[in-house]
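See below for the structure under consideration.
The values are calculated or read from the model by the stated rules, or taken from the named source; none is laboratory data. Keep in mind the model is a prediction, meaning the values are calculated, not measured. Here the Cβ positions follow ideal geometry from the backbone for every residue, glycine too, while neighbour counts run over all protein chains shown. Remember, those area values only see protein heavy atoms, side chains included, never the ligands or the DNA or RNA. Shrake-Rupley method; radii C 1.70, N 1.55, O 1.52, S 1.80 Å.
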Amino acid sequence: MAENVPSILDQGLNLDALVDQRGLFWDRLVRVFVYAAAGVVAFVFLAMVWQLVRLGAGQLSWSFLTELPQNAGREGGIFSILISTLMILGVCLAASVPLGLASAVLLAQTQRQTLFAILVRRSLDVLAGVPSIVFGLFGNAFFCVYLKMGFSILSGGLTLACMALPILIRTMEMAIRSVPQEVHHASAALGMGPIRTWVTLILPAASGGLAAGLVLGIGRALAETAALIFTSGYVDRMPESVHDSGRALSVHIYDLAMNVPGGEANACATALVLLIILWLLNSLTHRLIGRWLGRRLIYT
Amino acid sequence: MNPITSQTTSVSSPSLPLTCMSNPAACILQPASMTVTDLSVFYGDHQALDKVSMEFSAGLVTALIGPSGCGKTSLLTCLNRLVQMVPTSRVTGQCFMDEFDVMSPTTDIISLRRQVGMIFQKPNPFALSISRNIELPLISQGIKRHRRHEIVEEVLRDVGLWDEVKDRLHRSALTLSGGQQQRLCIARALALKPRVLLMDEPCSALDPIAAGRVEELIRKLRSCYTLVVVTHNMAQAQRIADHVGVFWASDEGRGGQLIETGPCEQIFEQPRHKLTAAYVQGRQG
Amino acid sequence: MFNFFSTQNSLRPGMLVLGLMLFAGMILLTGCSEASSQQTTQVKLVLTGSSTVAPLVAEIGKRFESLHPEVRVNVQTGGSSRGVRDAREGLADIGMASRDLKPSEQDMQSFLIAHDGIGIILHKSNSVAALTRQQIIQIYTGKITNWKTFNGKDRSIVIVHKAEGHSTLELFLKYFKLKNTQVKPSVIIGDNEQGIKFVAGNPDALGYVSIGAAEYAEKHGTPLKLLPLEGVPATTAAVQQKRYPFGRPLNLITTNQPSEWAVRFIAFTQSTEVDDLVKDFHYVPIH
Amino acid sequence: MKQRQASRWKSQLGKLPLQISALLSGLIVILILGFLIQQAWPALSEVGVLRLFSDGTWNPTEQVGGASFGMTAMLLGTVFVAGGAILLAAPVGLAIGLFMRFYAPRWLASPYRHVIQLLAGIPSVVFGLWGAVVLVPLIGRYQPPGASLLAGILILGMMILPTVALLAETAIASVPAEYIRASVALGMTRTHIIGKVLLPNAMPGLMTAVVLQTGRAIGETMAVLMVCGNVVQFPGSVFDPVRTLTANIALQMGFALDLHRAALFGSGLILMSLVVVLVWIGHHIQAAQEGSHG
């Protein structure tokens, strides 16, 4: 996922000032390598996306989104898959957003490096690096077996919540910290209580960044496959409740690609749907971050 | 019954006159005097203020002057206990508002801060609309909407901003000019009907014309509020102050000390301390 | 809150997005909890186990549900041994196994629902028409590595083998009297479908899968072919006539005290009412 | 008096839920670790940690001759795939970063960056899909079976490349513009500035990017599972199939029982400790960087 947001504000450096010296061997070699790399990468990725479009675009239609999968997913649509995905996402957000926001508020408030804050930060760093399949193992052992939730949307959503938590907390803490200290002071000087200050001033001021963090978390959750196979399962039926097993979009792609002969077309079509969703979310993130930075500039 | 805690109810009472300024005789809440005794402020190991004792008389303007880094702002933030927002800060000594102990751990600081307003060096309106900026603290006091709208108009008239902004009350406060923003911040503080108003170099970030208007406003506020103004501008201090306190950083690294205090004319015309004389004249000449 | 939005719309798009998302999340959750409260009146049958049996039972389950709307049949794959284990430990109401019960599993009871066999599959374009038992052993142990040996193309043989834990693998090793460590595979696959898919996509591949699954795929246009084994064609018909040497039963497994609905479901599965479904999947009905 | 105490109480109470949430968030790692150890315990105690590495093969369900739990081949497979991917992605990613910052014509730089950002958001399963549908048959045409170490390296390299490129660009962009202006004023050529001024200054950032993405490559499951062939062996060439630890878990978790299942959790533990080490290294690089820059 696009965890990083590269410099949105260019430093105003005049890049044309950097030039190669004509005829110098090294300059030429490096230039050739850089251009070749850029060209090859662009070509390979465009080829990849084009092939997905070529294989999958024919299947895409409104009915693809609104019909239930038939014949192991070779035919029909992905409606139940979309609903399962949404439910998994809903469980994931319902668990991770309150927890993440509260943790972010606390971490952003601790100006001094207390042992508690250091420990929480460090363990979140590790959590961010844990492979998704390990989350799958943990989710299976903890939610499915130990807590007896079985293969269910609930288990999958909660496992994803653990995964999305570090990225949520990190971006949300950044967003909250970016609200200038003067707002806290002004509010305190006006005799406003801490809760009201946070609810009416700090969190709204940070809302752009908070939403961006939320969207990043959603993106990560949507892209996840390995952690879901052993927690939410791969039943492609319409889930009736969060206690049912449900197949997420990414798991559907995997299953069609690996386990269903003749499933490639629908796999590619599903992948296109997933990509479109993710790219919409991505551009939403950039808008939000851009706006948020823009507003910060008014402050400072 | 402690007036610090009873404040909330009296402000929200509808019988309260809209403003002091239009009719000073109608002030229910008299400006309060504040006294500090042996006040020292530490930030971690660093001492910022050393055993300051002085009085801020009710209804008068006290100016605090002195070079940068001698603890004037620290003193100011003790008066409404904003100083405790710095996590490493530590305050010793006493501070009273009339006869009530500001530093006592049982003081309701929310109520205290509503009675002791503060204006910052840099205008700091919230990134909200103009009217919302004034209303927000009122909402937390539970004042009804129509009453809030009345207060918004009153205080904006008091600071002379009403005619400039009455057509765009719902536009962002950040669209105002620096001087307008500062007057909005003053209006926001006045809306709480404070008894004391602290001002930390309120004009230093403004252009001369805007600064002039704020200064004029300060003179207007005199007698309705107890005003404590930190300023680097000698001429301004002379124009607005009744009393002046001169601060100087001590040599032993023990933070700022109060070296002289007295009526405005005395400080500027017959300074007793030689540092005061040098500082006042140096800046004047 | 409402007031806040009404005056601040233009200033706080992020807040709006946040609010909308949380709102949507809450709606979803309340919807879910409502659905789950209705759920309590229902009977839920959980079946786990063999990936060969699972697709068939899932279809039977759908038909069973339409006859008994109060029942919901949930089918999860996980291998035969897991099916037996889950049924024994009560994690599943019924286990599915594509083999007989082992001596260590005699505390459970099995119910035959269909017959199947394991067939050797090649890509359709492969010119090799038959392999003897010995040749297959030689290929799988890495002694023969090129199709040339059988007058095929000069291409190395891509040996498709199953992952550890599948009963298809256990039966394969048992039938050819091999140890797993002797096998020199080129690719390891999980489910039947994955094997069929791989062989269909690779002209040099050789693999073994459930005959039913292979026939089903072949009929639906997947480019593969089943090799005869010991002279008997690997067809459903041969399995039915018990001529095919490498057959296996498909079983449902329960404890000795199955629940009432489990008994009814098993009875339904064994009845003639589902023979058409069994045939659709190219397995052999028990009747 | 009562009112004042009540308000203090309230502010204390306000902080408590926050602390509990932060504690919970921090405890998840401990919980995961605890559960991995608990689940892996049968394997650790009965089989022993040593045998996880010393057993030659991975045959946890073999009836005849006893089961064996050797993970060395798979660990090596993980290292080969991840190492190859990072060796591929690091130089190319750096080149892309340089391209976006210093080489691309003005009209191209921004759209190109946008495309790379979009690519960074493609889920691994989509890369795996493309690898399984297009790349594996392509390799198979020349060197069967196609599903191989090479396919894994290529797919994984492609997967981490966009993020490496974006992180590299950020690291390069964080070099103060004055350095570059000064170098330009001294008449240095572009390659010189890049090699002698930019890269040394951006090195900590680049190293952090490489370390973090190595962690991601090690942990990647789906793409690798779909293109690597999953045969447990020491690969003789890049065309041989391999199985990684992550693919092993994904392949067998569904039906593993008893010791087999415990051994899979054991491999999860190994993966997790690899990641902890990488995070630790990444922190040290960052700390060193912050230390040197004040």
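Considering only protein heavy atoms, with the full assembly of protein chains and a 1.4 angstrom probe, order C:96, D:207 by accessible area, largest first. It would help to have the intermediate numbers written out before the result.
Values: C:96 0, D:207 85 Å².
Accessible-area ranking of C:96, D:207, largest first: D:207, C:96.
Over all pairs of different C-alpha atoms in region C:225-287, the reciprocal of the mean inverse distance, the Kirkwood hydrodynamic radius, equals 13.6 Å. As a calculated quantity, the FRET efficiency between residue B:153 and residue D:283 at R0 = 60 Å, using C-beta atoms, amounts to about 0.60.
For chain B, the longest principal axis of the alpha carbon atoms and the long axis of helix B:3-12 meet at an angle near 30°. Close amide H contacts of residue A:76 (hydrogens built in the peptide plane, cut-off under 5 Å, sequence separation of 5 or more or a different chain): A:70. With θ taken as phi - 60° and the Karplus curve 6.51 cos²θ - 1.76 cosθ + 1.60 applied, the whole-hertz 3J(HN,Hα) list for region A:266-278 is 5, 4, 5, 4, 4, 4, 4, 4, 4, 4, 4, 4, 5 Hz, x standing for glycine and proline. When B:111, C:259 are compared by accessible surface with a 1.4 Å probe, the order from highest to lowest is C:259, B:111.
On association of chains C and D, roughly 2000 Å² of accessible area becomes buried (total for both chains; probe 1.4 Å).
Classify chain A from the C-alpha gyration tensor, please: rounded if a/c falls under 1.5, else prolate or oblate depending on whether a/b exceeds b/c.
Verdict is oblate for chain A.
Net charge of the neighbourhood of residue B:182, taken over other residues with C-beta under 10 Å away and scored Lys/Arg +1, Asp/Glu -1, is +3. Normalised by 2.2 N^0.38 Å, where N is the number of residues, the C-alpha radius of gyration of region A:45-171 stands at 1.40. Picking from A:175, A:156, A:113, whose Cα lies most toward the positive end of the charge dipole for chain A (charges on Cβ: Lys, Arg +1; Asp, Glu -1)? Of A:175, A:156, A:113, it is A:113. Dipole orientation for region D:117-248: of the candidates D:177, D:147, D:218, D:177 has the Cα lying most toward the positive pole (charges on Cβ; Lys, Arg +1; Asp, Glu -1).
Quick one: order C:144, D:96 from most to least accessible surface, probe 1.4 Å. List each step's numbers first, then the result.
On the way: C:144 25, D:96 0 Å².
Ranked from most to least accessible, the order is C:144, D:96.
Of the residues C:55, C:207, C:43, the one whose Cα sits farthest towards the positive end of the charge dipole of chain C is C:207 (charges of +1 on Lys and Arg Cβ, -1 on Asp and Glu Cβ, taken about the Cα centre). Considering region D:70-293, its Cα convex hull presents a mean projected area of 14.4 nm². Remark on region D:202-234: accessible area falls by at least 40 square angstrom from chain-alone to full-complex state for D:222, D:226, D:231, probe 1.4 angstrom. Straight-line cross-link partners of residue C:44 among the aspartates and glutamates, defined as a Cα under 14 Å from its Cα and at least 8 positions apart when in the same chain: A:240, A:244, C:65, C:70, C:93, C:260. For the Cα trace of region D:173-294, dividing Rg by the Kirkwood Rh returns an Rg/Rh value of 1.20.
As a quick test, which of the pairs C:143/C:174; A:148/C:197; C:102/C:242 have an alpha carbon distance above 28 angstrom in this structure? Flagged as over cut-off: A:148/C:197.
Remark: the Cα gyration tensor places region B:61-105 in the oblate category, a/c being 1.5 or greater and a/b not exceeding b/c. Summarising the amide proton neighbourhood of residue B:49: residues at separation of 5 or more, or on other chains, whose placed amide H is nearer than 5 Å comprise B:41, B:256.
Placing +1 on the Cβ of every Lys and Arg and -1 on the Cβ of every Asp and Glu, with nothing else charged, gives chain A a dipole about its Cα centre of roughly 680 debye.
Both chains summed, the buried accessible area for D and A stands near 7600 Å², from protein heavy atoms and a 1.4 Å probe. Across region A:59-68, coupling constants 3J(HN,Hα) worked out from phi with the 6.51/-1.76/1.60 Karplus curve, θ = phi - 60°, read 7, 6, 6, 4, 5, 4, 7, 10, 9, 7 Hz, and Gly and Pro carry x.
Considering all C-alpha pairs of chain C, those separated by over 34 Å amount to 35%.
Taking 1 over the mean of 1/r across every pair of different Cα atoms in region D:135-182, what Kirkwood radius in Å do you get? Provide the component values of the computation, followed by the final result.
Details: mean 1/r = 0.0755 Å⁻¹.
It is 13.2 Å.
Calculated mean residue ellipticity, 222 nm, chain A: -21500 deg cm²/dmol, from DSSP H runs (n ≥ 4) at -39500 (n - 2.57) each, averaged per residue and rounded to 500.
If one takes the accessible area of chain C alone plus chain A alone and subtracts that of the pair, with a 1.4 Å probe, what total in Å², rounded to the nearest 100, results? List each step's numbers first, then the result.
Working: alone 14630 and 17490 Å², together 29060 Å².
Using a 1.4 Å probe, the pair buries roughly 3100 Å².
Accessible area of region A:79-299 with a 1.4 Å probe: how many percent of it is carbon plus sulfur? Carbon plus sulfur share of accessible area: 67 percent.
Roughly how big is region C:116-240's charge dipole about its Cα centre, with Cβ charges of +1 (Lys, Arg) and -1 (Asp, Glu), in debye to the nearest 20?
Details: 14 positive and 10 negative charges, 90 e Å.
Taking the Cα centre of region C:116-240 as origin, the dipole is about 440 debye.
Against chain C, whose longest principal axis comes from its Cα atoms, helix C:13-39 is set at around 70 degrees. Accessible surface area normalised per residue over region A:79-299 is 28 Å², counting heavy atoms of protein chains with a 1.4 Å rolling probe.
Residues of region D:83-97 whose accessible area (probe 1.4 Å, heavy atoms of protein chains only) drops by at least 10 Å² once all protein chains are present, relative to their chain alone: D:91, D:92, D:95, D:96.
Measuring max minus min along each principal axis, the C-alpha atoms of the protein assembly as shown give extents of 124, 81, 56 Å (largest first).
Taking only protein heavy atoms and a 1.4 Å probe, what accessible area per residue, in Å², does chain D have with all protein chains in place? If you can, show how the numbers build up before the last one.
Values: 11610 Å² over 294 residues.
Accessible area per residue, chain D: 39 Å².
Kirkwood analysis of the Cα pair distances in region C:170-287 returns a hydrodynamic radius of 16.4 Å. Using a probe radius of 1.4 angstrom, the carbon and sulfur fraction of the accessible surface of region C:71-159 is 48%. Heavy-atom surface analysis with a 1.4 Å probe gives chain B a carbon and sulfur content of 50 percent of its accessible area.
Reported value for region D:54-196: 174 Å³ per residue, from the convex hull of its C-alpha atoms.
Residues with beta-carbon under 15 Å from that of residue C:152, excluding residue C:152: net charge, scoring Lys, Arg +1 and Asp, Glu -1? Spell out each step's value before the answer.
Numbers: positive: C:124, C:148, C:153, C:155, C:225; negative: C:154, C:204.
Result for the neighbourhood of residue C:152: +3.
Pairs of Cα atoms under 8 Å, at least six residues apart: use those to get the relative contact order of chain D, whole percent. It rounds to 26 percent for chain D.
For chain D, list the DSSP H helices whose alpha carbon atoms reach 15 Å or more along the long axis and whose average Kyte-Doolittle value is -0.5 or above? Before the final figure, lay out the partial values.
Values: long enough: D:2-42 (58 Å, 0.44); D:72-98 (38 Å, 2.03); D:106-120 (22 Å, 0.23); D:149-173 (34 Å, 2.17); D:199-219 (29 Å, 0.77); D:258-293 (52 Å, 0.80).
Both cut-offs are met by D:2-42, D:72-98, D:106-120, D:149-173, D:199-219, D:258-293.
Taking the square roots of five times each eigenvalue of the Cα gyration tensor of region D:38-134, the equivalent ellipsoid has semi-axes of 45, 15, 12 Å, listed largest first. Judged by the ratio a/c of the largest to the smallest principal axis of the C-alpha gyration tensor, region A:184-228 counts as prolate, that ratio being 1.5 or greater while a/b is larger than b/c. The share of Cα pairs per 10 Å bin across region C:116-240, counted from zero up to the longest distance, runs 13, 50, 34, 2 percent. Couplings 3J(HN,Hα) for region B:130-140, derived from phi with the Karplus relation 6.51 cos²θ - 1.76 cosθ + 1.60 (θ = phi - 60°), are 4, 5, 4, 4, 7, 6, 3, x, 5, 4, 6 Hz, where x marks Gly and Pro. Loop-resident GluC sites (Glu not before Pro) (DSSP state other than H, G, I, E or B) in region B:40-135 with no more than 11 further Cβ atoms inside 10 Å of their Cβ: B:99. The spread of Cα positions in region A:85-129, taken along each principal axis and listed from longest to shortest, comes to 40, 22, 10 Å.
Close amide H partners of residue B:244, meaning residues 5 or more places away or on another chain with modelled amide H under 5 Å apart, are B:63, B:262, B:264.
With the other protein chains left in place, how much accessible area per residue, in square angstrom, belongs to chain C at a 1.4 angstrom probe?
Details: 11810 Å² over 287 residues.
Heavy-atom accessible area per residue stands at 41 Å².
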